[in-house]
Structure formats: C-alpha cells, structure tokens
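Here's the structure we're looking at; comments come further down.
The values are calculated or read from the model by the stated rules, or taken from the named source; none is laboratory data. Everything quoted here is computed from the prediction, not taken from an experiment. Neighbour counts are summed over all protein chains in view; Cβ atoms, including those assigned to glycine, are modelled from backbone coordinates with ideal geometry.
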Amino acid sequence: MRTIPLLAAAAIVTTAAPARAADDLQILETVLDRPTVVTLGVQVLIAGDDDRDAAIELRYRVMGEAAWQVGAPLFRVRPEVVNLQVPQQFAGSVFDLRPDTTYELELHARDPDGLDETWTVTASTRPVPGDPAAPKVIQVSDAGGLGDALGAAQPGDVIELAAGTYGGTWSIEASGTADDPIVVRGASTAGTILDGEGAGGNVLEVYGSHVHIERLTIRNANRAIRFQTAGAEGNVVRRLHIEDVNLGIGARQDQLDFYLCDNTLTGPLAWPNVYSDDGGVNANVDGIVIQGFGHVVCHNELVGWGDAIKTEQDGARAIDIYGNVSRSAYDNAIELDASAGNTRAMRNLLLNSYSPLSFQPIFGGPAYALRNVVVNVKDEQTKLHANSDTGETVGAVILHNTFVSPSRANQVQTTDTAHDFHLVNNLYVTRAEPEGGQTVLLSAPIDNAVIDYNGYWPDGAFEFEGVGDYPDFAAMQAAGVFEAHGTLLTADIFASGYVAPTSYMPVVEAVDVSLSPSSLAVDAGALLHGYGGFLGAAPDLGALEAGCDAPNYGPRAEGVDETTPPPQCGDPGGETSDGETSDGPGTSDGSTSDGPTTGSDPTDGPEPSGGDSAPTTTANTGDDPTAGGLTGGDASETGGASDSGATAGSEGSGEGCGCRATTRPPAALLLVLLAFARRRRR
C-alpha cells in the first residue's frame, strides 16, 4: 500500500491512539485544502466513531457578514477500502464563492455516542490571476527577439508579441512572483502564432513559476506547452488557440494553483473514432493534463482529443474543472482519475464522448460531478472503474447531471467493486428502445452507495447483477432496494423536444436540454444543501433548473471572469441565524494541505480504525435523503446555499442557476448497495 501524505502548516496529528478506538468520535485536526478561485475544501481528521453514526455539518459566511449560508455536510471517507493510505476523515467542499474573499467555515460535529462540538476555521479564495503590479512592457516582433526576451525575463515583464508567425521552439527558465508575474502575450489570439515547424517536442517549455501565457495561437509540433518543473506554482494559460499537436498542455508532479481558462484546443482526432475501435491507441492524445493541487481548468473549448481534460497524479486534491465544453472525446471528456478528494467537475457541457466522466479510481473522495450536461455517450456515462495498479474506486459524488445517451440510460460494466458513491438528482435519458431492452445495466459490485431521486426514460429493464434483474421501473421500485423516490419520466422531458440519438456516430453539434415546464423531472429532486438553489417546491432533476438561464460553456468574452457579478435567479433565501461557536478541537485555523511531500506521513498518530474492510451489501433507510453525505442541517434549517449565477464570468464560479432554496421537500432515502457482474474489456 502506497502512502499519499498531507502537508499542513500546523502538525496534523502526533499523538498515538489505540489500534481500535471507541465509538465516540474524536476530532484530531482540521486541514484546509489549497483554495481555488471559487471553491474551498476542508478535511476533518478523526479517530473513533467505529459505529459510523457521526456527522459533520457545515455553514459558511463572508468574514464580517452576519448571515450564514448552509453548505453541504462533509463526506465520510472510508480509508480501509482505499488502496492508497489516507487518514480517517470527513471531507467536503464549499462551492460558488467569490474570488479573493475571506470566509468563516463553521463545522458542527455530532455523534450520538456523546460528541456535540462546533468550531470555526478561516479560509480565503484565490484572486483571479492578473497583470503585474509593476509591469515592464517589452515589445518583440520576431522569433529571435522572442527568444532573447524569454531568456532575460524578470518578474513584472510583460513580453508583448506583435502580430505575425514566429517559427521555432522556445523555453523560459525564469519565474515571476505572485504580485509580479512574467506575462507573454500576443497582440491577438488569431493573429499571433507560434509555429513549432513540426518539432517532435514542445513549442513552448516553461520551467518557472508565476508565468502567464496569453492570447496566442500555438501549433504544429508534437506538444504545444509543457510546464516542466515539479512543484511549479501559479502558472496561467489564457485565451490561447492550440492546434495541430498531440498534447495541448502538459504538466509535472506536485504543481500548484495553475489557472488554465478560456482557451480553444483542437486535437487531431475525429468523431466517431472511439477507444473501442482500436484498443485505445489514441488514449493519451490529451488536451489538458494537470498534476498536483489547487488547479482551475475553466471555460475551455476542446474537440478531437483522446482525453480532453485529465488529472494525472495519485492523490491529487482541490482541483476545479468547470464551464468547459468538450465537443468530442475518443475516450474520456473529463478524468478525475487517481485524485484523493475535493476534486470537482461542475457545470461542463460534454458532447460526443466514449465515456465522458471517469473516476478510475478515486482514493476516498469526495470527487464531485455536479450539474454537467452530457449528450451522446458511446459507452459508460460515469466510469466507476478500478485501476489495475492502484485499486478500486472509492468516493464519487455524482449529483444533478443530465445524461442523454443512444444505447442505455445508465450503464457501468466492470467486475471491480465501486465503493461509497452517490447517484442523486440525475436525469438519465436514452432512445425509445434501449439496447437489449435495458434502461439501466449496472453489472458492477457496489459497496455502500446512495442511489435515489433520479429520473429515467424510457421504461425498460433495470438490471443489477447479483442483486436483481427487474423487468421495469415499477418492479425495481417495488423491490425496495433502489430508487425509493426515483421518477419514471414520460416522453415530455425537454422544452426543445430533443430526443436521444439512435446512434452515437453522428456528431451532436448543439443541444438544448432545458426542461419542459410540464416534465415530471420538475420539482422531483431531493434538497441537497450546498449544491445550488432551485425554484418551486423542490429541485429539478438534472443539470438545468427550469426557469433559470443555462450556464455559459466555453471561452468567455475578454474582460469577463469570475469577478463579474452574476444575474440572480430566484429567491435569495438560504440564510441562517448566527450561533455560538468555539475555536474547536484540533483546529488548524487556516493551514492548508499542499499534497505529497517526501517524508510527510498523514497517518502519523492514530491508526485508521472503525469499519470492516471487506465489501458489504446492505440497504439502510432513514430520514436523510442522502445518508449523511449530501444534505445538511436539521429539518429546521430550511435555507439553501446560493448558486452563483447562470452566465459566464459571474461572481462565484460564474456557472449555473443563481436561485435559492425556499422549501424543503420530504426526505428519506435508501442507502443502496448492489452486487456484481460482468467483465469489461478494460
């Protein structure tokens, strides 16, 4: 078993504990993940709670403001089924925040065995990267001048390239600073071209930190840009057009806080060429690859890649992928593979994908897929697979997505167990006559999953090998194991009248999957605090709330970014009253986790304890619609946290509906665990 350590400014845990702790929850340390521009992540390291009946709720507010917003409760991580060593913990994210803003996070731990403790930590989001505080403009107009300027670059330099084509390859060794980055910027994206002239390597290599590459076309080589130094920090790629390469943007280990946004990347592959056609020979023709912690990948447009956007480091944390449009992906549109927790794919538009959202594997979670629109899926909607080297997936949280597929509405086919995942408030739509008559085919062993409040069309077989094969939705629901509050839809789903394609092979260019006002998906969801608001009596199923504007996907207009205030949608409720808090037990008060560092071991101190490491199959019922991992607060806390808006560049993430929760629907959900089935080719 390999170790993914955590590094915090304060010591995490140094005191030993018994090999098996009691049922009482013990709070050891609160660790903040690296902040992004619009999201904060938190881990509460624990011991005890062997009976797993504790919960930790979260509220947040801007420092100095009176009202609290209700966030999502923290997710209980189960290290004993993770193939990398991670500490016992609760973990979760606070979404749709303002850039460059300080927040108070209030954590409330409750354990029926005796603990009831509230404490606060303080954390700040990052600013959107900007120009140097003390800029020095350097004008260049030819390839030689560019090489000279890069070789002599100093913090604060703004290297401005005149319009024209610059032939060759380049590198920059120097670093800027957070206040005075080095900026390399073209006169216009279309008019300023770095042409690699067929080079077998990189058109541009960046070795330093705080280097901004902006407003260029980069083309005609094996790779466009590669950030070559492990641990490099604060680099930016913005408003580029990348084409005629086999890798768009590449990375190295342990890099931090990159901002890769508003770019267009055109790859060499063409739909409908997919992974199963040739055994995956193009699987590593990648658009954007990130490694490390704290990265933001937003509002890019990608077409023609093996994997459009991917994480590629075991134990990665605190990564935001939002507002992107992937127009074709030979394999995966977004890979969160090998991440450990608080990685987030949210409000993306994913068209023409083999298997659009990949969790192969997740090392404990939570790894989020939130409010993505996914249309024209060849294979699996969400790849809950193991990696043969690093084990089975644990901790995917898949909420409020819209899936429209030509084969089956939802399928996962693997012999590997998927652990501790949530499928809630999603919309699954396929053609009128699904393949094999199966609306759902989940032929994977499932350990400890929440599957409820989802909508399906059409009716057909719902097959869960090892648990039950049901001839239709009614039989599945009557069996009392799955979808106690699920919805069988009618054909009246989308306002545009859009229906699922009958074949994956034609390219889907554009699609409107906003809900019909009369769709049964309207008001059919469970209230999930902290994941966006809603109009009406309850949240709608799927990615798009009826009555709210759809997000803007892909590059934003120049001058628009996360600092632009959002349009509002719905009642601005969701506030709660102030309450008594304390500094709390083991609180790091803002120290952050930087990720792997040689010699740092997150398991120093108490041994992980509690729970049986063997997969189990049980069905738990209760009054919490998501079994302690998704909804938050008591029934008396009726407000929901706000979403940040439906158009690009809005305050917060700039994505989604800005409406707020006004009422709470009845809550109850089955914890669902299925069983086994069929071997898949990968």
Being buried (at least 19 other Cβ atoms within 10 Å of the Cβ) and within 20 Å of the chain's Cα centre (by Cα) is the filter; apply it to region 239-255 and report the residue that is nearest to Thr266 (Cα to Cα).
Ile249
Residue by residue through region 109-131, note down the ones that are crowded, with 20+ Cβ neighbours inside 10 Å and within 12 Å of Asp180 (Cα to Cα).
Pro129
Can you confirm whether region 455-471 contains a residue that is of a type in the set (Val, Ile, Thr) and crowded, with 24+ Cβ neighbours inside 10 Å?
no
If a residue must be outside any loop (DSSP other than H, G, I, E, B) and not aliphatic (A, V, I, L, M), how many such residues does region 314-345 contain?
10
All positions within region 346-363 that are outside any loop (DSSP other than H, G, I, E, B) and either touching a Pro at 6+ places or on another chain (Cβ under 6 Å) or surrounded by fewer than 24 Cβ atoms within 10 Å (Cβ to Cβ) (or both)
Leu350
Strands (runs of 3 or more DSSP E) enclosed by region 164-213 - at least 1 residues per element that are closer than 19 Å to Arg252 by Cβ and either at pLDDT below 95 or not hydroxyl-bearing (Ser, Thr, Tyr) (or both)
170-172, 182-186, 192-206
Within region 367-391, the residues that are in contact with a Leu (Cβ under 9 Å, 6 or more places away or on another chain), surrounded by fewer than 24 Cβ atoms within 10 Å (Cβ to Cβ) and in a loop (DSSP other than H, G, I, E, B) are Thr390
Per the filter on region 256-298, residues of a type in the set (Gly, Ala, Ser), buried (at least 19 other Cβ atoms within 10 Å of the Cβ) and touching a residue at least 60 places away in the same chain (Cβ under 8 Å) are Gly292, Gly294
Residue hits (region 27-61; assigned to a loop (DSSP other than H, G, I, E, B) and within 20 Å of the chain's Cα centre (by Cα)) are Arg34, Pro35, Thr36, Val37, Val38, Thr39
Residue pairs meeting the criteria (Cβ under 7 Å; at least 6 apart or on separate chains; first at positive phi, in region 482-508; second crowded, with 17+ Cβ neighbours inside 10 Å and in a loop (DSSP other than H, G, I, E, B)):
Glu483/Asn454
For region 363-413, what are the residues that are under 19 Å from the mean Cα position of the chain (by Cα), closer than 26 Å to Asp277 by Cα and small (Gly, Ala, Ser)?
Ala386
Every residue from region 249-282 that is within 13 Å of Glu312 (Cα to Cα) and either outside any strand (DSSP E or B) or not small (Gly, Ala, Ser) (or both):
Ile249, Ala251, Arg252, Gln253, Asp254, Gln255
Any chance region 552-565 includes a residue that's part of a loop (DSSP other than H, G, I, E, B), surrounded by 22 or more Cβ atoms within 10 Å (Cβ to Cβ) and at pLDDT below 95?
yes
Filter result for the condition that a residue is at pLDDT below 95, more than 21 Å from Val511 (Cα to Cα) and among the acidic types (Asp, Glu), over Asp337, Asp320, Asp389:
Asp389
Matching residues in region 472-481 - criterion: being free of Cβ contacts under 8 Å to residues at least 12 places away in the same chain and crowded, with 17+ Cβ neighbours inside 10 Å
Gln477
Of (1) in a loop (DSSP other than H, G, I, E, B); (2) more than 26 Å from Val296 (Cβ to Cβ), Gly64 satisfies all except one. Which?
(2)
